[in-house]
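Remarks on the structure that follows.
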């Protein structure tokens, strides 16, 4: 089997790589399993030093790594640089906070009964990390950095769309002192992922679509292993009537169109108080019109091509459905044709008066398209924000902090934003409800997820 990697901006083939079949994946699993006990016994100081060297390598090679990322996923080069800069804070968090989570906890010391109770924290073992293409460094580091620091070995399958970046991650980790059998890249598409799931791993950590997440959950359901699924979102924003309209329109537009809308926490539906609805739409459309669409290698480009050609059909269907159900197209609405007729280009698209029954407001878009809808009051906004099977993030823009807390406390989501959106912090847990997944990355919880607490009952003779 051969994996073909193409540039989504031009359709040009960048490279071909052999895909791992079942036999190759089994051999890699065996190597990771054999290496895990030794890696877990490696002093934490040495594991930590290797991750620090990896961090330094990301800084030293930021520009070539950014260019590779841009070439294979179409992310504008400035945003690729941002991703590589942003991952440093996440690594720093794990560097600073992992060791305390590994300490044994004495929870009872009863001298009279000669009984002690202690909790130890042990690595899960061998981790299957099936990662994402939209943020291979940020999303990947959420898993493999704490997994390695806590003594697990990792079978890392980068998305077939971001394979070159995945191989760079492996190269830098190995050069930094992570043993080759402690972090093993598994290369290929869906069949390779299926082969990986057949292995007797101790945990599966996946980032991707709800549909694929369901398949993964079913495939490992009878094995009682750690399963963590970071899936999609249909993230709502509510804009209240007391905001600075121009400033908020700019912030929300960035939240909707950054990385071409290809983020699980991108703004995907916008509810605006009726008192400022028309003015907000005008400001929002003007902001989106100012986004530079073009060559992702250009420093000034804000909107590049879609990473996946298949998404063009999804967006075209959502546009047709929205039009048919009465939404008003204000901007864009279809694929963009380049001079050579190549690449996965779609014009930034804005609809107003988008009905809640449209696919645009219900199904994940994962592209440069957004719908806006007028609401009477906070109660209607809450009802519509909750009218989704997803629950990843939710945001409100208002000058009134009490109003923000009141509204957000009623909305089902893993993250709540006041006067911001499309934001992730390493200090806070990243999780979702409903179809947005199960499990937690980031924060202290995101370290503990790679550890198994063990109970010790210790009675002196």
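The values are calculated or read from the model by the stated rules, or taken from the named source; none is laboratory data. Everything numeric here is computed off the predicted structure, so don't read it as measured data. So basically every Cβ, Gly included, is an ideal-geometry build from the backbone, and we count neighbours across all protein chains shown.
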Query raised in the report: Does residue 172 satisfy the condition of being under 19 Å from the mean Cα position of the chain (by Cα), touching a residue at least 12 places away in the same chain (Cβ under 8 Å) and part of a helix (DSSP H, G or I)?
Result: no
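This table checks each residue for (1) assigned to a helix (DSSP H, G or I); (2) buried (at least 19 other Cβ atoms within 10 Å of the Cβ).
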{"residue": "156", "(1), (2)": "no, yes"}
{"residue": "161", "(1), (2)": "yes, yes"}
{"residue": "164", "(1), (2)": "yes, yes"}
{"residue": "168", "(1), (2)": "yes, yes"}
{"residue": "177", "(1), (2)": "no, no"}
{"residue": "199", "(1), (2)": "no, yes"}
{"residue": "205", "(1), (2)": "no, yes"}
{"residue": "211", "(1), (2)": "yes, no"}
{"residue": "215", "(1), (2)": "yes, no"}
Every listed condition ((1) on the phi < 0 side of the Ramachandran plot; (2) in a helix (DSSP H, G or I)) holds for residue 260 save (1)
Next on the checklist: Yes or no: region 4-17 includes at least one residue that is outside the structural domain of residue 263 (by TED's automatic domain parsing), assigned to a helix (DSSP H, G or I) and free of Cβ contacts under 8 Å to residues at least 40 places away in the same chain.
Outcome noted: no
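Yes or no, residue by residue, for (1) closer than 22 Å to residue 429 by Cα; (2) outside the structural domain of residue 36 (by TED's automatic domain parsing); (3) without any contact (Cβ under 8 Å) to a residue 60 or more places away in the chain:
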| site | (1), (2), (3) |
| --- | --- |
| 184 | no, no, no |
| 187 | no, no, no |
| 192 | no, no, no |
| 200 | no, no, no |
| 206 | yes, no, no |
| 212 | no, no, yes |
| 247 | no, yes, yes |
* Just a yes or no: is a residue in region 44-59 modelled with pLDDT of 95 or more and part of a loop (DSSP other than H, G, I, E, B)? -> no
The correct count of residues that are more than 28 Å from residue 224 (Cα to Cα) and exposed (fewer than 13 other Cβ atoms within 10 Å of the Cβ) in region 107-132 is 7
Residue count, region 426-440, condition farther than 22 Å from residue 218 by Cβ, surrounded by 19 or more Cβ atoms within 10 Å (Cβ to Cβ) and in contact with a helix residue (DSSP H, G or I) (Cβ under 6 Å, 6 or more places away or on another chain), comes to 1
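Which ones in region 299-328 are part of a loop (DSSP other than H, G, I, E, B), surrounded by 14 or more Cβ atoms within 10 Å (Cβ to Cβ) and either under 25 Å from the mean Cα position of the chain (by Cα) or touching a residue at least 40 places away in the same chain (Cβ under 8 Å) (or both)?
Of the residues in region 299-328, the ones part of a loop (DSSP other than H, G, I, E, B) are 299-302, 304-309, 325-327.
Checking the rest, the ones that are also surrounded by 14 or more Cβ atoms within 10 Å (Cβ to Cβ) come to 301-302, 304-308, 325, 327.
Of everything in region 299-328, those that are part of a loop (DSSP other than H, G, I, E, B), surrounded by 14 or more Cβ atoms within 10 Å (Cβ to Cβ) and either under 25 Å from the mean Cα position of the chain (by Cα) or touching a residue at least 40 places away in the same chain (Cβ under 8 Å) (or both) turn out to be 301, 302, 304, 305, 306, 307, 308, 327.
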- Query: Quick one: is residue 147 closer than 24 Å to residue 210 by Cα and in a helix (DSSP H, G or I)?
  - Reply: yes
Listed by first then second residue, the pairs whose first member lies in region 71-90 and is under 17 Å from residue 427 (Cα atoms) and not assigned by TED's automatic domain parsing to the domain that holds residue 162, whose partner is in a helix (DSSP H, G or I) and modelled with pLDDT of 95 or more, with beta carbons under 8 Å and at least 6 positions apart or on separate chains, are none
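Just checking, how many residues over region 283-298 are in a loop (DSSP other than H, G, I, E, B) and touching a helix residue (DSSP H, G or I) at 6+ places or on another chain (Cβ under 8 Å)? Break it down into steps so the answer makes sense when it comes.
Filtering region 283-298 for residues in a loop (DSSP other than H, G, I, E, B) gives 290-292, 294-298.
From what is left, the residues that are touching a helix residue (DSSP H, G or I) at 6+ places or on another chain (Cβ under 8 Å) are 291, 296-298.
Number of matching residues: 4.
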Scanning region 240-258 for residues that are buried (at least 23 other Cβ atoms within 10 Å of the Cβ) and in contact with a helix residue (DSSP H, G or I) (Cβ under 6 Å, 6 or more places away or on another chain) gives 249, 253
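Looking at residue 451, is it closer than 30 Å to residue 148 by Cβ, at pLDDT 95 or above and more than 21 Å from the chain's Cα centre (by Cα)?
Numbers: closer than 30 Å to residue 148 by Cβ: yes; at pLDDT 95 or above: yes; more than 21 Å from the chain's Cα centre (by Cα): yes.
When the stated conditions are applied, residue 451 passes them.
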The one condition residue 422 fails out of (1) modelled with pLDDT under 95; (2) touching a helix residue (DSSP H, G or I) at 6+ places or on another chain (Cβ under 6 Å); (3) surrounded by fewer than 20 Cβ atoms within 10 Å (Cβ to Cβ) is (3)
Residues of region 270-282 being crowded, with 20+ Cβ neighbours inside 10 Å and assigned to a helix (DSSP H, G or I), in sequence order, are 280, 281
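Collect the residues in region 25-37 that are over 26 Å from the mean Cα position of the chain (by Cα) and either touching a residue at least 60 places away in the same chain (Cβ under 8 Å) or within 24 Å of residue 137 (Cα to Cα) (or both), keeping them in residue-number order. Write out each step before concluding.
Of the residues in region 25-37, the ones over 26 Å from the mean Cα position of the chain (by Cα) are 26-27, 30-31, 33-37.
Hits for region 25-37 are 26, 31, 33, 34, 35, 36.
When you check residue 392 against the structure, is it under 19 Å from residue 239 (Cα atoms) and crowded, with 22+ Cβ neighbours inside 10 Å, yes or no?
On the way: under 19 Å from residue 239 (Cα atoms): yes; crowded, with 22+ Cβ neighbours inside 10 Å: yes.
In short, yes.
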The residue that is farthest from residue 309 (Cα to Cα), considering only those in region 136-145 that are out of contact with any strand residue (DSSP E or B) (no Cβ under 9 Å at 6 or more places or on another chain) and either crowded, with 24+ Cβ neighbours inside 10 Å or not assigned by TED's automatic domain parsing to the domain that holds residue 205 (or both), is 145
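Looking only at region 334-356, decide whether some residue is part of a helix (DSSP H, G or I) and either in contact with a strand residue (DSSP E or B) (Cβ under 7 Å, 6 or more places away or on another chain) or surrounded by 23 or more Cβ atoms within 10 Å (Cβ to Cβ) (or both).
Within region 334-356, the subset part of a helix (DSSP H, G or I) is none.
Looking through region 334-356, none of the residues is part of a helix (DSSP H, G or I) and either in contact with a strand residue (DSSP E or B) (Cβ under 7 Å, 6 or more places away or on another chain) or surrounded by 23 or more Cβ atoms within 10 Å (Cβ to Cβ) (or both).
Could we say that residue 98 is over 30 Å from residue 460 (Cα atoms) and modelled with pLDDT under 95 here?
Details: over 30 Å from residue 460 (Cα atoms): yes; modelled with pLDDT under 95: no.
So residue 98 fails the test.
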